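Report on one structure; see the data block that follows.
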Amino acid sequence: MPAKYSHAKKRSTSARKANGKSGAQTTLHGHAHRNPNPLLDRSITQTMTAVSELERAISRVLLLRYEQDIGRLYSTRLHNVALIYLPKLMLDCIDLTSPGWVAANADCDEVKDFFRGAITMDMRQAGERVATKSVLWSYTALRHFALSNSVPICQKRGLHSLRLLPHIQSLKAHLDVLEAMPVATFSKPAHLPSLEESLELLEDDLFRRKNKTGPAWDDWKRKVRVGYERLVDTLWLVAKEFDVRGYGIVLREKLTTKWCDCGCSTDHLGEVCERTVREEEEGLGIRSGKEREWDGRGSGIYGWQTEEEEDIWEMDLDFGGLEPEECDGLDPEMTIGELMEWRYFKAERAKEMGNKAFRDCEYETAIKHYSSAYDIEPELPHYQLNIAAAHLKLSNWIAAEKACNIALAQHRSGKGYWRRAKARRMQGRTVEAVKGEPFADLRLVLKVQPGNAEALAELMSIMPSAAADIAPSSASPDITRSSSPGSSSSARHQGGSSTSNGSRGKPSRPLPFELAETDTRRLRIYTHALQVEMPVIGKGRGKGKGGAGAYDIQVETYSYPTWERCKVQRASR
């Protein structure tokens, strides 16, 4: 035997006999493994199926409550916008016109487009602002469901999902209740104060101003009150164009495609949340087992369900947002707020490159840049609308329709319906473009933008009888609009219709007073542009902050629609 194998000797006969019994057991065990007990196998399969159903039910409960939380918390945000920012907008408009201008133009495209842009920028923050609170609240509810069924909870690791298996039917019944609820939307919470105080402050401010002379200022308090009420109505109307189910994508993916059916996801949720929930209970004086109906909803928000309820969109996102391995040349000390701004500017840069390619008729290149922008900021739907415009230029009708569907799942915009209608018609689906379920695209364009002449003409060319049933609404005064996220009239070169209403006429709702000449002036509403230092693509000398290893930078200007950065000026004719 070669020396290298000398340590491997043959087993003696006696050794084999001594181990005969053990060998028999091994053989029997191996035989049993090759031929499993069918009853045992069926039992394991049934258990794993039940665990999978339990986990899907838990993740679905978390998701539905998350959607409700976004709708509930952003409704508070909208109410505070009506209290704080709309009076300032009215003052700026009245300074350039007269008290009746807002009442006459509250529902014009110029005002709506500004609201759309600001709401779009707010909704892209929904995940960062709502997700953590919603998960904690929902875990607390799940935890108290377990306690009410005498399920033990570990003080360190929290709730173990397998312990809920005997109560899966009760949990599914709770899920059925959530599924039966209306889709989450925006509406004023009943406990919040009325807008009367804000209106009185607005009137006091106008009362102290000079030069309130002429017929336009007759009965000015009534005009201001009507204008404020209509402006608030327009705010809520525009907000309902947004679908909460299209936002909070990071948590949504974790609760759907990335949620594990074996139980480890719920177990990890318990490990992360248990300590925080126990601290919340102790801080609020909640005694476990005595107040099990408490689900933690509202904990962490000052003044919850009172007139002083906190607007979490006003909170600074000043906590860390990057793990060391995620820095990729960025400052590891960047906060969540700074990181979100950086993502937006980076996406806007890609969009501008796409716009340039679009203008140069390089539509494939434009699609690449728009897709890059959407990958960076998937909660800004206008990037998908740009992708759809480029696909329409390339006659890629199916791809254009798909891009419109993605955008409309977040924001039901007139531009999205218009482009999808065109894509469907070019596929030969003319009837569906008019009569398709759930609503006809062209009809919806006119619902969102009643003054869209091109959509009305298109509908008349397809089905005159259907167009005859739609009475064209009266137009608002001439307006202009700067491009911004959510705008219905931005980037006309991107293959869509011109949707701003350019004719003069009376407002869509009758006014209780006569219009003055100054009430028909043209105004432009926009936001202050931001100047940002951005790295020069292709000229980086390395990663890092400052010194020889830093990127070359240049100052770039971006539109960043926000409520507080609103600016109003006379529009040039």
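The values are calculated or read from the model by the stated rules, or taken from the named source; none is laboratory data. These numbers come from a predicted model, not from an experiment. Note: ideal-geometry Cβ built from the backbone for every residue, glycine included; neighbour counts use all protein chains shown. Accessible surface areas use protein heavy atoms only, side chains included; no ligands, DNA or RNA. Shrake-Rupley method; radii C 1.70, N 1.55, O 1.52, S 1.80 Å.
Pairs spanning more than 26 Å between alpha-carbon atoms, out of Lys356/Lys393; Lys112/Lys422; Lys133/Lys188; Lys346/Lys447; Lys133/Lys346; Lys254/Lys422: Lys346/Lys447; Lys133/Lys346; Lys254/Lys422.
At a Förster distance of 56 Å, what's the computed FRET efficiency of Gln427 paired with Lys210, Cβ-Cβ distance as r, to 0.05? Walk me through the intermediate numbers first.
Working: r = 61 Å, r/R0 = 1.10.
FRET efficiency, Gln427 to Lys210: 0.35.
How much length is gained if the chain between Val177 and Arg56 is pulled fully straight, taking 0.36 nm per residue apart and subtracting their Cα-Cα distance, in nm to one decimal? Before the final figure, lay out the partial values.
Values: separation 121, 0.36 × 121 = 43.56 nm, distance 1.56 nm.
Length gained, Val177 through Arg56: 42.0 nm.
With Cβ to Cβ distances under 14 Å as the rule, what net charge do the other residues near Ser52 carry (K, R +1; D, E -1)?
Working: positive: Arg56, Arg60, Lys172; negative: Glu53, Glu55, Asp261.
Result for the neighbourhood of Ser52: 0.
Under 5 Å from the amide H of Ala106 lies no amide H of any residue 5 or more positions distant or on a separate chain, with H modelled from the backbone and absent for Pro and chain starts.
Taking the range 140-197, which trypsin sites (Lys or Arg not before Pro) meet the DSSP loop condition and have no more than 14 other C-beta atoms within 10 Å? Provide the component values of the computation, followed by the final result.
Values: sites: Arg143, Lys156, Arg157, Arg163, Lys172; in loops: Lys156, Arg157.
Listed in order of number, the matching sites are Lys156, Arg157.
Between the beta carbons of Leu91 and Arg565, assuming R0 = 25 Å, the FRET efficiency works out to 0.95 to the nearest 0.05. Length gained on full extension, Glu338 to Arg157, computed as 0.36 nm times the residue gap minus the Cα-Cα distance: 61.8 nm.
Need the C-alpha centroid separation for the range 230-285 versus the range 87-124, integer Å. Taking the Cα centre of the range 87-124 as reference, the centre of the range 230-285 is 31 Å away.
Can you work out the accessible area per residue across the range 236-284, with the rest of the protein chains kept in place, probe 1.4 Å, in square angstrom?
Numbers: 2560 Å² over 49 residues.
I get 52 Å² per residue for the range 236-284.
Electrostatic bookkeeping for Asp69 treats Lys and Arg as +1 and Asp and Glu as -1; over the other residues with beta carbon under 9 Å from its beta carbon, the sum is +3.
The heavy atoms of Asp92 offer some 40 square angstrom of accessible surface to a 1.4 angstrom probe.
Once backbone amide H atoms are built at 1.01 Å from N, His528 has Lys567 as its partners under 5 Å, excluding neighbours fewer than 5 places away on the same chain.
With K and R counted +1 and D and E -1, the other residues having a Cβ less than 13 Å from that of Trp563 yield a net charge of 0.
In this simple spin-label model, placing a label point 7 Å from the Cα along the Cα-to-Cβ direction at both Gln169 and Arg225 gives a separation of 5.9 nm.
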